[in-house]
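Colleague: My questions all concern the structure below.
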Amino acid sequence: MALSLEKLVISRAENVLLNVNACVEKGQVLTVMGPSGAGKSTLLQAIAGQLYEPFSVSGIIKINNNVINRKPAHLRKVGMMFQDALLFEHMTVAENIAFAMPKNSHSNPHARMEAINTMLSAVELESMGQRGVNTLSGGQQSRVSLLRTLASAPDVVLLDEPFSKLDLALRGQIRSWTFEQLKARNIPAVLVTHDKEDAIAAGGQIIELSPC
Amino acid sequence: MFAQFTRIMRWCLLLLLCIPVLAGLVGVIFPALGYFPAIGANSFSLDVFRTLFALDDIWHMVWLSLFTGVGSTLLAMAGAFLLLATFYQSSWLEKVQGLLSPFLVFPHAAAAIALLFVLSPSGIFARLMVLGGDDVPPVAGSSFFPYDEFGFSVLLALSLKELPFIILMALSVMSQPLVKKKLLGYVNVGSSLGYSPTASFFKLVAPSIFTQIKLPILAVLVFATSNVEIPLILGSNNPSTLAVAIMHWFNHIDLSMRLLASGAAVLQVAVSGVALLLFFAVEHFLMYLGKQSLIKGRRHGADALVRGIGYGIVSLYVILISTVIYAVVMYSIAKHWSFPALLPEGVTFLHWGTALEALATPLVNSLLLGMLVSTSAMLLVLFTLESEQLKPAARHTNSAFSISLFLPLLVPGVAFLYGLVWFQQLVLQNAVWFHTYIAHMVYVVPYVFLSMAVAYRKFDNRYAMVAQSLGKTPWQVFYRIKLPLMLNAILVAWALGLAISFSQYLPTLLASGGTIATITTEAVASVSGSSTRLTAVYVIIQGAMPLIGFVIAWYLPGVLMKNRGASIKEKNKRRAVLHGT
């Protein structure tokens with residue numbers, strides 16, 4: 001039971017926005033669908049610990065059987081991805097990934113760079129490490145963005161419509177690649193999307209949020 | 001904890017703004033009520049006010065302050081909105097913005113002196129008129145500029161200086177992503193309903209920006225009613241505006257005049273208050289007219305006239321700026337320049353040599369003070385803004401905060417600065433630099449905050465969310481993600497702070513007791529001095545100094561991010577002073 005949301009209720013001021021009861025096993029993807037304004041992104045922010053006024057959350061969020069409700073966001077080990085790659089423009093591709101790696105993941109800087117190069121060549125981005133992020137194409141940026149999230153060794157990954165800005169040809173490809181990576185690393189994920197095809201490709205439980 | 005630290009910094013910023021202003025007000029109210037132990041006045045009474053109101057010219061002074069202050073603010077506002085109506089959707093907007101931005105950082109004193117060079121009876125325009133066939137050379141004293149007893153020259157100079165500020169404030173509001181989207185929608189709806197662009201602007205766009213720039217406009221109004229430099233340089237002395245009189249009384253050798261000055265300072269607060277009331281009255285009247293015209297449904301709003309005025313204002317600025325540059329540069333290198341000639345006779349760099357020698361210390365003082373003030377203001381503002389993101393405050397505390405932020409701009413400087421000096425002399429008599437630093441901070445922090453707040457609002461917070469989700473602490477997110485990504489905006493705000501510190505006249509003069517000479521204090525002093533040519537050099541240096549900061553702000557990010565791809569460099573091209581990333 002990797003991620004479990006037990007009687008999770010999110011409210012805006014006094015009004016209940018949504019309630020969810022769900023578990024996501026390791027390597028599985030939970031898909032959350034619903035119209036705009038139903039609170040899909042808000043749910044992800046609650047899990048990531050980045051929910052602010054006027055929103056509030058009650059219920060229990062557990063990762064690997066530990067309650068994380070009170071943990072600050074940066075200690076939760078919950079990776080977050082958005083529809084934009086959001087690569088940091090003041091860093092190179094390799095620096096973006098290095099920035100995400102836990103402090104003591106490798107014995108020395110050299111080993112770190114080696115690991116990054118291995119990751120990059122696995123997705124056909126070898127020799128791109130020293131490039132500025134703005135020189136990359138949209139598809140390349142998406143791949144680096146996921147590599148960056150994976151490099152932080154997250155316990156859970158949250159995907160906020162990550163494929164919606166990619167053009168059709170690229171979308172299917174990036175999508176199946178993303179799910180493969182998550183599955184290979186046994187990471188539970190929550191996907192928020194408008195797109196039925198995303199939900200089908202994710203292959204896990206689907207929750208429909210109703211508008212309120 | 002970083003979050004707690006930022007909250008402490010937020011409090012420091014608030015206290016830094018409020019304590020000097022409030023202490024300063026107390027420091028003039030007591031002497032105004034007759035309590036001033038330093039000269040043996042120990043009892044409370046209203047005698048000071050009786051003496052004050054018995055003065056012959058007092059109501060005339062009050063009138064001049066009100067007339068120049070309210071008049072110039074309304075004129076500048078009208079001009080600003082007409083200009084925006086003309087250009088808000090055109091590709092010229094950026095050019096107009098670029099033309100007017102330097103005015104924001106051009107010190108008031110320098111602007112007033114510059115106008116002397118072109119508009120005075122021996123200025124460039126007078127020379128042109130004589131050459132153009134007007135045989136009668138204007139006689140000094142009979143012309144309206146400068147020193148006219150009605151205050152027209154002061155009013156004109158104030159409006160010319162404030163119009164760019166109002167425009168830039170409006171543009172910075174209009175460039176916020178959410179506002180921009182909303183306004184674009186309004187305009188589209190307007191034009192689909194058949195309203196002309198001008199009509200759409202005045203009926204749909206203007207009302208929604210006005211509410212958002214009201215506070216800065218009120219600050220402009222208070223400033224205009226209580227400014228010292230401009231009436232001192234351009235105004236009549238028979239009588240002067242109230243603020244100038246206050247300054248003379250405070251600086252009078254006879255210490256008992258301080259009581260009168262304090263009373264007048266309290267009166268100045270009242271005058272600025274009345275100006276605010278007048279402004280609100282005009283605002284309500286305009287809103288009433290606006291509502292009326294909304295229902296009528298006229299699709300055109302004197303479009304041609306509006307555009308004519310818009311282009312007229314831009315041409316006026318272009319002409320003024322180019323003649324000012326011509327006049328001061330020529331004067332600064334002129335050996336001799338007799339009246340109707342357009343070119344000086346002979347070129348010399350003697351004045352530059354003299355001026356640079358005389359200005360060495362003031363220059364170092366200005367730079368040192370400016371760097372210190374602007375850098376620390378920047379840090380305080382950054383932590384304060386960060387504290388708001390880490391723990392958003394409730395709405396009512398927010399509005400309380402923004403009022404305290406504007407407090408130093410809403411209370412006339414000439415009123416509270418003297419009281420502040422009185423307190424400072426009680427507490428730490430010899431810490432002149434510290435006092436001057438505080439007096440500058442009071443004026444620099446609000447502007448740095450305004451400038452940075454825009455950048456913070458525009459910052460895509462998902463970058464911070466991603467960094468946090470990668471396991472970075474709030475401090476790391478702030479230091480390693482936000483600061484580098486907002487570097488442009490930070491440097492621009494820093495440069496703005498530097499420029500504002502450079503331009504401070506009264507705070508420097510008073511807090512330092514005249515012991516710290518800066519470029520601005522020297523320039524104002526030089527106007528009453530003997531050499532016009534030396535003054536010209538001072539104006540050039542005064543105008544060029546703010547550029548130092550902006551040059552750094554424009555080039556440094558490019559150098560630091562050399563290898564980070566092309567599109568960043570593209571973004572570095574920034575014209576607007578108040579615009580962030």
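Colleague: Mind telling me which of the residues B:THR86, B:THR68, B:THR73 ends up being over 30 Å from B:VAL271 (Cβ atoms), surrounded by 19 or more Cβ atoms within 10 Å (Cβ to Cβ) and of a type outside the set (A, V, I, L, M, F, W, C)?
Modeller: B:THR86
Colleague: Would you check if there is a residue in region A:9-19 being crowded, with 16+ Cβ neighbours inside 10 Å and without any contact (Cβ under 8 Å) to a residue 24 or more places away in the chain?
Modeller: No, region A:9-19 has no match at all.
Colleague: Which condition from (1) in contact (Cβ under 8 Å) with a residue 60 or more places away in the chain; (2) more than 10 Å from chain B (Cβ to nearest Cβ); (3) surrounded by 19 or more Cβ atoms within 10 Å (Cβ to Cβ); (4) closer than 23 Å to A:LYS7 by Cβ is the one that A:ALA48 breaks?
Modeller: Looking at each condition in turn, A:ALA48 falls short on (2).
Colleague: Which of (1) assigned to a helix (DSSP H, G or I); (2) surrounded by 14 or more Cβ atoms within 10 Å (Cβ to Cβ); (3) modelled with pLDDT of 80 or more is the odd one out, the single condition B:GLY185 does not satisfy?
Modeller: Tallying (1) assigned to a helix (DSSP H, G or I); (2) surrounded by 14 or more Cβ atoms within 10 Å (Cβ to Cβ); (3) modelled with pLDDT of 80 or more, B:GLY185 fails exactly one: (2).
Colleague: Go through the residues of region B:488-502 one by one and say whether even a single one is among the polar types (S, T, N, Q), in contact with a helix residue (DSSP H, G or I) (Cβ under 8 Å, 6 or more places away or on another chain) and within 14 Å of chain A (Cβ to nearest Cβ).
Modeller: The answer is yes; a qualifying residue exists.
Colleague: Moving on to the next point. Here is a check on your reading of the model: is B:LYS482 within 14 Å of chain A (Cβ to nearest Cβ), in a loop (DSSP other than H, G, I, E, B) and modelled with pLDDT of 90 or more?
Modeller: no
Colleague: Would you confirm whether or not region B:526-536 contains a residue that is at pLDDT below 85, assigned to a helix (DSSP H, G or I) and of a type in the set (Gly, Ala, Ser)?
Modeller: No, region B:526-536 contains no residue that is at pLDDT below 85, assigned to a helix (DSSP H, G or I) and of a type in the set (Gly, Ala, Ser).
Colleague: Among the candidates A:ARG143, A:ARG148, A:ARG112, which residue alone is surrounded by fewer than 21 Cβ atoms within 10 Å (Cβ to Cβ) and either within 11 Å of chain B (Cβ to nearest Cβ) or of a type in the set (Lys, Arg) (or both)?
Modeller: Checking each option against the conditions leaves just A:ARG112.
Colleague: Moving on to the next point. For B:GLY370, work out the one condition from (1) loosely packed, with under 14 Cβ neighbours inside 10 Å; (2) part of a helix (DSSP H, G or I) it doesn't fulfil.
Modeller: (1)
Colleague: Read through the list (1) crowded, with 22+ Cβ neighbours inside 10 Å; (2) under 23 Å from the mean Cα position of the chain (by Cα); (3) assigned to a helix (DSSP H, G or I), then give the number of the only condition that B:ALA261 fails.
Modeller: (2)
Colleague: Considering every residue within region B:261-274, establish whether at least one is within 17 Å of B:THR73 (Cα to Cα) and free of Cβ contacts under 8 Å to residues at least 60 places away in the same chain.
Modeller: yes
Colleague: What are the pairs, 6+ residues apart or on separate chains, where a residue within region A:77-100 that is more than 8 Å from every other protein chain (Cβ to nearest Cβ) and among the polar types (S, T, N, Q) has its Cβ under 6 Å from a residue that is surrounded by 24 or more Cβ atoms within 10 Å (Cβ to Cβ) and part of a helix (DSSP H, G or I)?
Modeller: A:ASN96/A:ARG148
Colleague: Among the residues of region B:300-359, what is the count of those that are in a helix (DSSP H, G or I), loosely packed, with under 13 Cβ neighbours inside 10 Å and among the charged types (D, E, K, R)?
Modeller: 1
Colleague: Just give me the residues in region A:115-140 being among the hydroxyl-bearing types (Ser, Thr, Tyr), assigned to a helix (DSSP H, G or I) and within 14 Å of another protein chain (Cβ to nearest Cβ), in sequence order.
Modeller: The one that is among the hydroxyl-bearing types (Ser, Thr, Tyr), assigned to a helix (DSSP H, G or I) and within 14 Å of another protein chain (Cβ to nearest Cβ): A:THR135.
Colleague: Being surrounded by fewer than 22 Cβ atoms within 10 Å (Cβ to Cβ) and in contact with a helix residue (DSSP H, G or I) (Cβ under 9 Å, 6 or more places away or on another chain) is the requirement here; does B:PHE53 meet it?
Modeller: When the stated conditions are applied, B:PHE53 passes them.
Colleague: Of (1) surrounded by fewer than 16 Cβ atoms within 10 Å (Cβ to Cβ); (2) in contact with a helix residue (DSSP H, G or I) (Cβ under 6 Å, 6 or more places away or on another chain), A:VAL78 satisfies all except one. Which?
Modeller: (1)
The values are calculated or read from the model by the stated rules, or taken from the named source; none is laboratory data. Here the structure is a predicted model, which means the values were calculated and not measured. Note: ideal-geometry Cβ built from the backbone for every residue, glycine included; neighbour counts use all protein chains shown.
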